[in-house]
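Some notes on the structure that comes next.
All of the numbers you see were taken from the coordinates with simple rules; none came from a lab. Here the structure is a predicted model, which is why all the values come from computation and not from measurement. Neighbour counts are summed over all protein chains in view; Cβ atoms, including those assigned to glycine, are modelled from backbone coordinates with ideal geometry.
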Amino acid sequence: MTSSNFQELIADLQLRKAIAAQGYEQPTPVQFQAIPPILAGRDVLVSSKTGSGKTAAFLLPCFQQILNRSVINPVSSRILILTPTRELARQIVKNAQQLLKFTTIQVGMVCGGEEFKYQQAMLRKNPEVIVGTPGRLAEHVQHKSTDFSGLEFLILDEADRMLEMGLSEDVLAIAKTCRSERQTLLFSATLEPTGLRHLIKQVVLHEAEEIHVEQSANIIQQQMILADDLKHKEKLLAALLAKSSFEKAVVFTNTKAKAAQLDHLLRYHKYKTCALHGDITQDQRRVSLDMFRQGKTQVMVATDVAARGLDIPGVDLVVNFDMAHSGDEYVHRIGRTGRADAEGRAVSFVSAHDWNLTKSIERYLGVAFEIISIPGLAAAYKGPDKMKSSGKAVGTKKKVDDKKVSSTKDTKVKVRTKDKKNVGKRRMPSAKVEPVVDLGDGFSVFKKKPQ
């Protein structure tokens, strides 16, 4: 159930005007369920699928409250939003500025890859809203560049991803400097990952309301193409893009080097491409994303840095050149397409090395990928010869007799090099001899002296 319009949820006229300017027609399920308790002053823990409108679900109620109540501390920021990646932070800043278009509230961004002193100067101007990544923001906390003594809202977006990236210590260090009477909002695709409950217990200081938004799955056609090796995958990628009809496509790899390599390969095949990975500068990332959003490039080759939270309209094809390492990562990758109930397509290249991982992801999601092929590029690999009931390949290792192993372990003693005495090659000791004895035949012999 959703509200018929935003007027039933948001009372502030400036925000309503901005909502209308953005063309928002009615709240999504997560917005309808999350906005009322946030406006009521409660801490909330929200789990909802990617592309469901989570950003507006926490921005709108927070903005309404700071617009309609007095400032606690004029030198302190009022809203702090923590997010795992620079790209997601930049997207949130853009959304916030659009919603605050008719107000005087300022938004600042604090992420790695930018001049530290420039960020310090920006923080001295005291923007009401700060969006940042935990690592860089923790550095500013150490340098006392920030003031959160009057903070009203602490928001953790994509909290499970921050945990996976090992950012929990930075998050906790930042939270300790925030006002204890604040409201804490935690948004995530799921609230189940190991360790997330511990983070919640440390950060959420008040009894929180949990909101699980059950929605229909994204309309994404999920397919797989069997591949032999790297060169075969490269040929498959070029052919797949040539034979597919799409507005924009994202190609995912597991390494930065491979992303750069594929970017050059697709340029060779005359595609307008851009790259997004950790080896390019922040300015280059910004240019790549802007060009892709504006349609100046048609294909983006990226590592998992682009898999979380990025809302890029028009992406109707996702290609997993390398299979994702886990089911959750796969979900976030293909979530770049099929957003806001639009249709999408996800194609994964699967080699013998990827087969068992692919089957694990299928079981995790409860789906079966459709196996397709490209004419003229069929793989020699047709799948495992023998499979378990789970669909995974049967292992080829021979079973080892435990008794033989244990007896060998008992009798065999490992000799380490460090236990050997390094004596080198010594000469044999010279023997003591008696005077030469003539044998009368022109030869002489030595006689050893009796011991």
Please get the size of the charge dipole for the range 329-392, origin at its Cα centre, with Cβ charges of +1 on Lys and Arg and -1 on Asp and Glu, quoted in debye to the nearest 20.
-> 180 debye
Length gained, residue 201-residue 142, 0.36 nm per residue minus C-alpha separation, equals 18.9 nm
Would you mind putting 349-355, 372-378, 143-149 in packing order, based on average other-beta-carbon counts within 10 Å, highest first?
-> 349-355, 143-149, 372-378
Given charges of +1 on the Cβ of Lys and Arg and -1 on the Cβ of Asp and Glu, with all other atoms neutral, how large is the dipole of the range 219-372 about its Cα centre, in debye to the nearest 20?
-> 420 debye
By how many nm would the segment from residue 287 to residue 17 lengthen if fully extended, with 0.36 nm per residue of separation less the alpha-carbon distance?
-> 94.2 nm
If every Lys and Arg gets +1 and every Asp and Glu gets -1 at its Cβ, then about the Cα centre the range 187-308 yields a dipole, in debye to the nearest 20, of 740 debye
Neighbours of residue 324 by Cβ distance under 9 Å: Lys/Arg at +1, Asp/Glu at -1, summed charge -3
For residue 165, put the label point 7 Å out on the Cα→Cβ axis and report which residues of the range 109-126 keep their amide N under 14 Å from it.
-> 110-114
With labels modelled as points extended 7 Å from the Cα through the Cβ direction, what inter-label distance (nm, one decimal) is found for residue 386 paired with residue 72?
-> 6.5 nm
Sequence-distant or interchain residues sharing an amide H contact under 5 Å with residue 224, placed H: which?
-> 348, 370, 371, 372
In whole Å, how far is the Cα centre of the range 1-64 from that of the range 222-278?
-> 37 Å
Dipole of the range 219-372 [Lys/Arg +1, Asp/Glu -1 at C-beta], most positive-end residue of 266, 371, 334 = 266
What ranking do 222-231, 314-323 get when scored by the average of other Cβ atoms within 10 Å per residue, highest first?
-> 314-323, 222-231
